[in-house]
Amino acid sequence: MLPSATQRILEMLDEDALVLDVGGWAAPFNRATHVLDLAPYETRGAMGSYGPPPERFSRQTWAIQDICAREPWPYADDSFDFALCVTTLEDIRDPIGVCRELSRVAKAGYVEVPTVEAELMYNVMGDGQWLGHQHHRWFCDREGDGLVFWHKDPGVHFDWRVRVLPRWQPRMSLEDQLLGVFWDGELPAREELRMFDREAMFSELAERVRARFQPSPRELRLKELRERAAGLAARAGAPARRLVERALDR
């Protein structure tokens, strides 16, 4: 979670505030009084935790449930003063439903997702030409006071125009990679269907990357030539392909 968001949340919460962490298994928020996740309490914290200890939640306040199940969460309306859901919505099959339930069970809250640019970072995990994290299902962006989601088409991994190249990535701060949204009363969220015009979506993403990183015409031409060379190398055989891939990773 963004350090600035962590600090803001801690400062705004009263001592007796009830706080729900949704999908917090990997790195729970220590100030949360309740956690809702599919994984059990005993296996929590694979990626650490957020906020100063000690944990406020316990085995008794850790609820196990698929947060996308077609049934309400096990809490009454407005049960919590605050709810958070951090770097989870981009992974799950029904982020709109989760935002709806967040709005139902909590009076206010905070969600955090990767930015579109973060989802386009080339080879970010060091495992090839994939953009962002392979397992993420959605692009997420701010829309007014809420979020809009659209399907992360697998074709983006193979479109050189939309790549945020490794040499550009050091220019991205943590705030450039994570989008945080505070909400009060309701978290607006919707899905935008863009899969029916993939070329328009890819062109829009390419323009977004160009606007953010401003590659020169020469650099764009070089990227295009390298992509063509990669295609030729693929047809020529594996040894040549590996040479081109190493050039693309620079």
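Of the whole protein surface, D66 contributes about 50 Å² of accessible area at a 1.4 Å probe radius. For the range 180-188, the Karplus equation 6.51 cos²θ - 1.76 cosθ + 1.60, evaluated at θ = phi - 60°, returns couplings of x, 10, 8, 9, 9, x, 8, 9, x Hz by residue, with Gly and Pro reported as x. Ranking I92, I64 from most to least accessible surface, computed with a 1.4 Å probe over the protein chains only, gives I64, I92. Per atom type, the chain shows carbon and sulfur on 52% of its accessible surface, probed at 1.4 Å. Amide H contacts of G146 (H built 1.01 Å from N, in plane; Pro and chain starts excluded): no residue 5 or more places away or on another chain comes under 5 Å. Accessible surface calculations at 1.4 Å, restricted to protein heavy atoms, place the chain at 51 Å² per residue. Annotation: Cα Rg of the chain relative to the compact-globule expectation 2.2 N^0.38 Å equals 1.14.
Close amide H partners of A83, meaning residues 5 or more places away or on another chain with modelled amide H under 5 Å apart, are L20, A108, G109, Y110.
Shape descriptor for the range 91-152: Rg over Rh equals 1.04 (Cα atoms; Rh from the Kirkwood inverse mean 1/r). Available extension along the chain between R221 and R104 is 37.1 nm, counting 0.36 nm per residue and deducting the alpha carbon span.
The values are calculated or read from the model by the stated rules, or taken from the named source; none is laboratory data. Because the structure is predicted, anything quoted here is derived from the model rather than measured. What goes into the accessible areas is simple: the full protein's heavy atoms, side chains included, and nothing from ligands, DNA or RNA. Shrake-Rupley method; radii C 1.70, N 1.55, O 1.52, S 1.80 Å.
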